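As structure tokens, the structure follows; a few thoughts come after it.
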Amino acid sequence: MATMPASASDLLKSFKLKTKQQELLIRVSILCLVYILAFITRLFSVLRYESMIHEFDPYFNYRTTLYLTENGFYDFWNWFDYESWYPLGRIVGGTLYPGLMVTAVLIYRILRFLRFAVHIREVCVLTAPFFASNTTLVAYFFGKEIWDSGAGLVAAILIAVCPGYISRSVAGSYDNEGVAIFALLFTFYVFVKAVNTGSLAWSLASAFGYFYMVSAWGGYVFIINLIPLYVLVLLITGRYSMRLYVAYNCMYILGMLLAMQIRFVGFQHVQSGEHMAAMGVFFLMQVFYFLDWVKHMLSDTKLFQAFLRITVTSAVAVGGIALGLGMVSGYISPWTGRFYSLLDPTYAKDHIPIIASVSEHQPTAWSSFMFDFHILLFLFPAGLYFCFKRLSDATIFIVMYGLTSMYFAGVMVRLILVATPAVCLISAIAVSATVKNLTVLLRSKNKVVQTGSTKGSGGSKSSSKALLDQSQPFQKNGAIALLFGAFYLLSRYATHCTWVTSEAYSSPSIVLAARGAHGNRVIFDDYREAYFWLRQNTPQDAKVMSWWDYGYQITAMGNRTVIVDNNTWNNTHIATVGRAMSSYEDEAIEIIRSLDVDYVLVVFGGVTGYSSDDINKFLWMVRIGGGVFPVIKEPDYLVNGEYRVDKGAAPKMLNCLMYKLCYYRFGEMMTEYGKPPG
Amino acid sequence: MGRTSSTKEDAGALFHSLRSAYAATPVNLKIIDLYVGFAIFTALIQVVYMAMVGSFPFNSFLSGVLSCVGTAVLAGKSNFLSPLFAKDLPPERAFADFVLCNLVLHLVIMNFLG
């Protein structure tokens, strides 16, 4: 009897770990749970519908991935696609970002090598959640680098469920951003690590991270402008150091060289205005290095000051003259429309209607911010406060990343995605620092009590702490109350995020669901049925004309040649289609015959009450068509400035091709999808 | 008048003090500086050549110039004999990093030459 408790306690003692090992176990288990959580919270649509690709753009990515698996990398890199943009074709190899496709095919090959017989579609559907899990790991290490490991853990948890990120990385959303956010955060983390350690190896890693980002998404321009801006801020605030010099130079040169291997990017790093900031800062760094060297050489400071003045003014002057010459002579191209509209949000509405028409490019409303960020929205300023309290190279970086990305998130809804990692990290700093302070308060009182009782004597520290406790007797209770409040807020955040993911961001938008009259679920699979009808009932070389939204899906699922698709690289071609859709039938048939079209596809939601059909988008067709062909005038289709489609609509509206096709025999409640013209 | 002559004197004094300080550096540092200078000189020659001949295979031009600039920058940075070098890393690690970065640089250049 007496020996059994002894052996049991011995057993327990052998399991009892030291504190450091306990801490490590807790950290690793939290990270594993967060990894799994980030993956499974994105699987709603796979469970509710089926494992398929969502939306429009991912279908193009899927088609190119299929091509890559079947034909190998060389053919993929040199692919000329004659099935889209009918008479023109598209040089796919030179006009896409290959990172996503190459990654998916790599995962597919690895799985196949391990004898898992998966289909490439499954890999494509699940690529984004997999990379979201990896992003949480990177967020942990980044938080650890900026603040401490507690902040890293909180950052990992916050970013695992944040709706701003989930919106573009659900299972089935096989789009560039799913991989690009991972590459973005990884590049930033490795660069900050390089600046902190000054090692060439980390800068090399950041160059590779930058290369991966360039191969994955056009948003790499954010990196190549934020990092020089950050370096400039460090230089101005007097934080120049050899580590910064090593990190930035290696990353810039190697990163630029690697980035130019992507054909779509080409020589933009030396020719485009968007990349000139990086080059300017590069030369400025050389000047600083030179100044540092001179300062080291000279012993006379007064002489050095004079030299400093001369050198800096002449360097800035030379740089300014070179930039001016480049821009005036046209060698350095100015900022392209897509990125210029970020600096001047009104630019796109007046000049480039295609960019203005995309719903994701509209300015963000406060409700979107609240919807996507929830409590992070007020934790963000709190985190900024903490960062300013402890300024270092790393916290300056995260502050700059947060502020610039929040500005851009305010300009365009789509860019909330880019702001999400920064907001999560800064909020994590706020949460971690606050919780840490509160728990220190809780613990310190216990410790004072203990030392008071065991040691019996008080050093000045414990006596002052005792005094402090005596002055605020409810400090411990306040701390407990605040901790409970923090716990409550975080649990509300988790609930909100799961609700948002389930309701708002998990619809595949190619399959629609509704409640029938008896509460049963009705699934509308009309899009896919229409595309398969095209695939099975039309000749192999038929050409289909539709609005550019559906182009990718028609080529991917219907396997037919289209006139325009989502790439929108040729505005005149799209305007021709827009003109055809908005003209009278006899004018339209001329245009359609000149384009060799066999079938016209329109999407009409009148039968089911689907609201985002072609009638809804019709005014954009008019605007884009009218932008190139002045024959189409928008006021012709409006009644007193109002857009109506009923009996009281404008006569031009009632007789145009789109209206005729949509409402053909609508009185008899028939809707037809693919139908030959004329 | 006094101002300009004083700046001139300043410039002269500056030049002299720089020269004397530089002459005092050890020989192996000067060799590395010579290497960096040679790399930059090669880059300049390529730029002049491009200005004369035209920039048709632009990727080849870029890869040539950037390889020279890259080796110059890497050598300047990994110069662990220099007094400016950050003391946190041991020299062997710095040298290994230098070799790795040069390897990557030249592989990319060879791919880019076309």
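Every read-out reported here was derived from the displayed coordinates using simple, explicitly stated rules and does not represent laboratory data. None of these values were measured; they are calculated from a predicted model. Neighbour counts are summed over all protein chains in view; Cβ atoms, including those assigned to glycine, are modelled from backbone coordinates with ideal geometry.
How do A:Arg168, A:Arg492 line up, fewest other C-beta atoms within 10 Å first? Spell out each step's value before the answer.
Numbers: A:Arg168 21, A:Arg492 12.
Ordered from fewest to most neighbouring Cβ atoms within 10 Å, A:Arg168, A:Arg492 come out as A:Arg492, A:Arg168.
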*State to the nearest 20 debye the size of the charge dipole of chain A about its Cα centre, where the only charges are +1 on K and R beta carbons and -1 on D and E beta carbons.*
3340
*Roughly how many nanometres apart are two label points built 7 Å out from the Cα toward the Cβ at A:Leu483 and A:Ser329?*
6.8
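By count of other Cβ within 10 Å, fewest leading, how are A:Trp620, A:Trp202 ordered? Write down the numbers at each step before the final one.
Working: A:Trp620 17, A:Trp202 24.
So the residues, fewest neighbours to most, are A:Trp620, A:Trp202.
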*Could you work out how far apart the two model spin labels at B:Ala23 and A:His119 are, taking each label as a point 7 Å from the Cα in the direction of the beta carbon, and quote it in nm?*
8.1
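Please get the size of the charge dipole for the stretch A:195-333, origin at its Cα centre, with Cβ charges of +1 on Lys and Arg and -1 on Asp and Glu, quoted in debye to the nearest 20. Before the final figure, lay out each step's value.
Numbers: 6 positive and 3 negative charges, 32 e Å.
Magnitude of the dipole: close to 160 debye.
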*Across peptide A:249-258, what mean number of C-beta atoms from other chains lies inside 10 Å of a residue's C-beta?*
6
*Could you state the number of Å between the C-alpha centres of the stretch A:36-96 and the stretch A:622-660?*
35
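Pick out, in residue order, every one of the chymotrypsin sites (Phe, Trp or Tyr not before Pro) in the stretch A:76-162 that is DSSP loop and has at most 14 other C-beta atoms within 10 Å; say none if there are none.
Details: sites: A:Phe76, A:Trp77, A:Trp79, A:Phe80, A:Tyr82, A:Trp85, A:Tyr108, A:Phe113, A:Phe116, A:Phe130, A:Phe131, A:Tyr140, A:Phe141, A:Phe142, A:Trp147; in loops: A:Trp79, A:Tyr82, A:Trp85, A:Phe116, A:Trp147.
Of the chymotrypsin sites (Phe, Trp or Tyr not before Pro), the ones in loops of the stretch A:76-162 whose Cβ has at most 14 other Cβ atoms within 10 Å are A:Tyr82, A:Phe116.
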*Determine the shielding of peptide B:50-61 by partner chains: average, over its residues, the number of Cβ atoms on other chains within 10 angstrom of each Cβ.*
1
*asked:* Amide H of A:Ser272 versus every other amide H placed in the peptide plane: which residues, excluding those fewer than 5 positions away on the same chain, fall under 5 Å?
replied: A:Ser333
*Taking the Cα atoms of the stretch A:521-668, what is the range of coordinates along each of the three principal axes, in descending order and whole Å?*
44, 40, 25
_Within chain A, helix-based [θ] at 222 nm, where runs of 4 or more DSSP H residues each add -39,500 (n - 2.57), nearest 500_ = -21500 deg cm²/dmol
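Just need the relative contact order of the stretch A:521-668 here, percent rounded to a whole number, with Cα pairs under 8 Å and 6+ apart. Don't skip to the answer; put the middle values down first.
Working: 193 pairs, mean separation 31.2, N = 148.
Reported relative contact order: 21 percent.
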*Give me A:Arg644, A:Arg42 ranked fewest to most by other Cβ atoms within 10 Å of their Cβ, as a rough exposure proxy.*
A:Arg644, A:Arg42
*Can you give the direction-averaged projected area of the convex hull of the alpha-carbon atoms in the stretch A:195-333, in nm²?*
8.9
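Order A:57-68, A:651-662 from most to least packed using the mean count of other Cβ atoms within 10 Å.
Details: A:57-68: 21.8, A:651-662: 18.8.
Most protected by this proxy first, the peptides run A:57-68, A:651-662.
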*Calculated FRET efficiency for the pair A:Asp148/A:Ser29, C-beta based, R₀ 22 Å, to 0.05*: 0.75
*Inverse mean reciprocal Cα-Cα distance (Kirkwood Rh) of the protein assembly as shown, Å*: 30.6
*Label points 7 Å out from Cα along the Cβ direction at A:Thr313 and A:Thr495: separation in nm?*
6.6
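What percent do you get for the relative contact order of chain A when only Cα pairs under 8 Å and 6+ apart count?
Working: 916 pairs, mean separation 90.5, N = 678.
It comes to 13 percent, rounded to a whole number.
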*List, in the order given, every pair from A:Lys543/A:Lys660; A:Lys436/A:Lys476; A:Lys20/A:Lys476; A:Lys193/A:Lys295; A:Lys18/A:Lys389; A:Lys144/B:Lys77 whose Cα-Cα distance in the structure shown is over 23 Å.*
A:Lys20/A:Lys476; A:Lys193/A:Lys295; A:Lys18/A:Lys389; A:Lys144/B:Lys77
*Can you give the average number of partner chain beta-carbon atoms within 10 Å of each beta-carbon in peptide B:65-73, as a whole number?*
4
_Amide proton proximity set for A:Lys543, modelled H, under 5 Å, gap of 5+_ = A:Asp598, A:Tyr599
